[in-house]
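Undergrad: Handing you this structure, nothing more for now.
The values are calculated or read from the model by the stated rules, or taken from the named source; none is laboratory data. Quick caveat, the model's predicted, so the values are computed rather than measured. Positions of Cβ are generated from backbone atoms using ideal geometry, with glycine treated the same way; all protein chains shown enter the neighbour counts.
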Amino acid sequence: MPAAPSASRAVLLIQTAFIGDVILATALLERLHHTEPGTPVDFLVRKGNEGLLKNHPHVRQVLIWDKKKDKYPGLWQLLQHIRGAGYDRVITLQRFASTGFLTAFSGARERVGFDKNPFSFRFTRVVPHVIGAGVHEVSRNLHLLDPAAELPLTPPRLYPTPADEAAAAQAAGAAHGGPYVCIAPTSVWFTKQFPQQQWVKLLRALPPHYPVFLIGGPPDVAGCAQLLTDSGRAGVVNLAGKLSLLASAALMRGAVLNYVNDSAPMHLCSAQGAPTCAVYCSTVPYFGFGPLSPFSRVVELAAELECRPCGLHGYRKCPLGHFHCAHGIETSQLLAALVEAEVAAG
């Protein structure tokens, strides 16, 4: 049994970007728990993402930065807190100046981050950050712990609370204990989002014996309601805005298949090992943000387009106006993934 660590051994992980980024960063919590059991690990996130780490067994404390309401005063207060905590290691997973600033001046013995961070000159260890080459973001992040390690990729993991599990079970009650399908139809970025009419085609084509749950946050309620109406399909339940992120993850874990965009719900699936069909429009898995579930299928336009991918993240509209990378995907491609998931589930 390892000796109880002193406070000076504590580690701070920093990831204040979006939901999906925080989910993928949880792979470091799993790796640290495996390699350094008992080491205290704190996690800094932006306000709104702290629910992902609620009662996480490998996190001692969640620090929160309100980037919208109190950005720069809050940053200074965080720095004072971090310096006072006396962390042994501070690791930033981001390439932005703000989190680089916190890391560089944290006072930690080890200050680790990517070479593209503007404050990397103040880090004690710098790791190259390369997008592409088929390297997954989780692997890029894990190299912050040990650049030389060539271990199997540690998947991210979330831990729904008993309350989250109960909420998911109650929601799944509409399936009466039978198999069901989840669809997370929205994305912050237009060019990452499979178009509404394409989701309508899928809903109308899905086998009628499957209840379908539409997943999303409060901003997605109206869009999911419109999708339900436009499909005219019976057995569709709009759960957007009704479940926490962890409860949504628990619900998706029990699905026969989850249809998602290249967006946060895909990473929720990865963190639960939930069967996934990821629809890629303007982006490509080659960037390193693909699904990691044991059963994962990627659906994308079969033909190559000179304009695809048009960017690393996404745009608010198609730069060329046609959005063929999304409209050219056939419903049959999505249905084929369901058949494979059914076979895999036995």
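Undergrad: Return the only residue of His176, His267 being of a type outside the set (Gly, Ala, Ser) and surrounded by fewer than 18 Cβ atoms within 10 Å (Cβ to Cβ).
TA: After ruling out the rest, the residue left standing is His176.
Undergrad: Also: Somewhere in the stretch 220-238, is a residue in contact with a strand residue (DSSP E or B) (Cβ under 8 Å, 6 or more places away or on another chain), touching a residue at least 40 places away in the same chain (Cβ under 8 Å) and in a strand (DSSP E or B)?
TA: Yes: the stretch 220-238 contains one or more residues that are in contact with a strand residue (DSSP E or B) (Cβ under 8 Å, 6 or more places away or on another chain), touching a residue at least 40 places away in the same chain (Cβ under 8 Å) and in a strand (DSSP E or B).
Undergrad: Which residue out of Ala303, Ala274 is under 19 Å from Glu30 (Cβ atoms), in the same structural domain as Glu330 (by TED's automatic domain parsing) and more than 11 Å from the chain's Cα centre (by Cα)?
TA: Among Ala303, Ala274, only Ala274 is under 19 Å from Glu30 (Cβ atoms), in the same structural domain as Glu330 (by TED's automatic domain parsing) and more than 11 Å from the chain's Cα centre (by Cα).
Undergrad: I would also like to ask the following. Here are some conditions: (1) assigned to a loop (DSSP other than H, G, I, E, B); (2) buried (at least 19 other Cβ atoms within 10 Å of the Cβ). Trp199 meets all but one. Which one does it not meet?
TA: Failing condition for Trp199: (1).
Undergrad: A further question on this structure: Tell me, please, whether a residue that is touching a strand residue (DSSP E or B) at 6+ places or on another chain (Cβ under 6 Å), touching a residue at least 12 places away in the same chain (Cβ under 8 Å) and not small (Gly, Ala, Ser) can be found in the stretch 314-321.
TA: No, there is no match, as no residue in the stretch 314-321 is touching a strand residue (DSSP E or B) at 6+ places or on another chain (Cβ under 6 Å), touching a residue at least 12 places away in the same chain (Cβ under 8 Å) and not small (Gly, Ala, Ser).
Undergrad: Does any residue in the stretch 277-301 that is buried (at least 22 other Cβ atoms within 10 Å of the Cβ) come within less than 7 Å, Cβ to Cβ, of a residue that is among the basic types (Lys, Arg) six or more places away or on a different chain, and which pairs are these?
TA: Once the first residue is buried (at least 22 other Cβ atoms within 10 Å of the Cβ) and sits in the stretch 277-301, its partners that are among the basic types (Lys, Arg) give Cys277/Arg297; Cys281/Lys192; Ser282/Lys192; Ser282/Arg308; Thr283/Lys192.
Undergrad: I've got another one for you. Scan the stretch 141-165 for residues that are among the charged types (D, E, K, R) and touching a residue at least 40 places away in the same chain (Cβ under 8 Å) and report the count.
TA: The qualifying residues number 3.
Undergrad: What's the total number of residues in the stretch 52-80 that are in a helix (DSSP H, G or I) and surrounded by 15 or more Cβ atoms within 10 Å (Cβ to Cβ)?
TA: Number of matching residues: 6.
Undergrad: Could you give every pair whose Cβ atoms fall below 9 Å, whose first residue belongs to the stretch 115-126 and is assigned to a strand (DSSP E or B), and whose second residue is surrounded by fewer than 19 Cβ atoms within 10 Å (Cβ to Cβ), counting only separations of at least 6 or pairs across chains?
TA: Arg125/Glu110; Arg125/Pro147; Val126/Asp115
Undergrad: Go through the stretch 141-191 and count every residue that is touching a Lys or Arg at 6+ places or on another chain (Cβ under 9 Å), hydroxyl-bearing (Ser, Thr, Tyr) and in a loop (DSSP other than H, G, I, E, B).
TA: Summing the residues that are touching a Lys or Arg at 6+ places or on another chain (Cβ under 9 Å), hydroxyl-bearing (Ser, Thr, Tyr) and in a loop (DSSP other than H, G, I, E, B) in the stretch 141-191 gives 3.
Undergrad: Can we say Thr161 is buried (at least 20 other Cβ atoms within 10 Å of the Cβ), within 21 Å of the chain's Cα centre (by Cα) and either among the polar types (S, T, N, Q) or within 30 Å of Arg204 (Cβ to Cβ) (or both)?
TA: Criteria not met by Thr161.
Undergrad: Something else now. Which condition from (1) of a type in the set (Ser, Thr, Tyr); (2) more than 27 Å from Leu246 (Cα to Cα); (3) modelled with pLDDT of 95 or more is the one that Thr276 breaks?
TA: Among (1) of a type in the set (Ser, Thr, Tyr); (2) more than 27 Å from Leu246 (Cα to Cα); (3) modelled with pLDDT of 95 or more, Thr276 violates only (2).
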